[in-house]
Amino acid sequence: MTHSRADIEALLDTWSLRPSRALGQNFVADANTVRRIVRLAGVGPSDPVVEVGAGLGSLTLALVEAGAAVTAIEVDRHLVPVLRSELADRAVRIVEADALRLDWGVLLERGSGDPADGSGNRHGRPWSLVANLPYNVATPLVVRVLEEAPQVGSLLVMVQREVGERLAAGVGDTGYGAVSVKVAYWARAAVVGRVPATVFVPRPRVESVLVRIERRPPPLVASSGGIVTYDRVFDLVRAGFAQRRKMLRRSLEGRADPGAFDVAGIPPTARAEELTLEEWIRLAAATGGSA
């Protein structure tokens, strides 16, 4: 049983709580929505799942209903007692922490083998991250998980529409930018659904979408300077998109000499938003790669 709108309002009233704007709290109050999220995430019995921003437990309950082994993270100390009360008879590990600051390696390792806490990953399965992410932390959280938590094989996140489109954008898309390239380095991402504002309490002023992100092995490309490093690629990407209206020969001045563009097969008159991930990597390789 997941939370209805009446359940959410009753919990807020009983515990004398108000949704925090600072923490971007908009609680899902629709059973069909949370079950749809679980279905799109492909979560089933005993699958290890980490949920960020568990709130009052609407999505958590749907994950438990599917049989998942859930680790629920919540930063708001006022909500944690409610969450513990609502999930008291469920095998869910609840962690009070800021997902942007915690050690992901430690978190996932500690949830990898204890059947008593409900978060066991005893069969060595990749973790899934499934979350209704607060809009103000969505992008840095997704990037941090991709960079620091290789144990997480897939993500299904509900985010603001503009954020979701940016995460999944490719060359030619309006939202394409440095974050799009960074996500593409680690994973394949796609917008897989839209969510109306009417399913939230309180109702947000923005549209939401569901984004599925499937991790893939990062590209390994050799250059004259060795393997092209992640840091080297994104030193160029950040510089290029910081001045996206400029031609790359100008925005990357001091980082890529004119000859590097010829070697990479990229016109120096191109702009950052015109380059694919593969072209950024070629350009990094042509500048030495391992710097």
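The values are calculated or read from the model by the stated rules, or taken from the named source; none is laboratory data. Bear in mind that the values here come from a model prediction, so they are computed numbers and not experimental data. Quick reminder, even Gly has a Cβ in these numbers, built from the backbone with ideal geometry, and neighbours come from all protein chains shown.
A few remarks follow.
- Within region 39-60, the residues that satisfy the criterion of being among the hydrophobic types (A, V, I, L, M, F, W, C) and either within 16 Å of Ser208 (Cβ to Cβ) or modelled with pLDDT under 95 (or both) are Leu40, Ala41, Val52, Leu59.
- Any hit, region 83-104, residues being within 26 Å of Thr139 (Cα to Cα) and either in a helix (DSSP H, G or I) or not assigned by TED's automatic domain parsing to the domain that holds Val206 (or both): yes
- Flag set for Leu59, criterion: crowded, with 22+ Cβ neighbours inside 10 Å and assigned by TED's automatic domain parsing to the domain that holds Val137.
- Looking at Val191, Val159, Val152, just one residue is hydrophobic (A, V, I, L, M, F, W, C) and under 19 Å from Leu108 (Cα atoms), and that residue is Val152.
- The set of residues in region 29-57 being under 22 Å from Arg18 (Cα atoms), among the small types (Gly, Ala, Ser), assigned to a helix (DSSP H, G or I) and within 19 Å of the chain's Cα centre (by Cα) is empty.
- Within this structure, Arg77 fails the test of being in a loop (DSSP other than H, G, I, E, B) and at pLDDT below 95.
Yes/no matrix, rows are residues, columns are (1) in contact with an Asp or Glu (Cβ under 9 Å, 6 or more places away or on another chain); (2) surrounded by fewer than 17 Cβ atoms within 10 Å (Cβ to Cβ):
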residue	(1), (2)
Ala197	yes, yes
Glu214	no, yes
Leu236	no, no
Gln243	no, yes
Gly254	no, yes
Asp262	no, yes
Ile266	yes, no
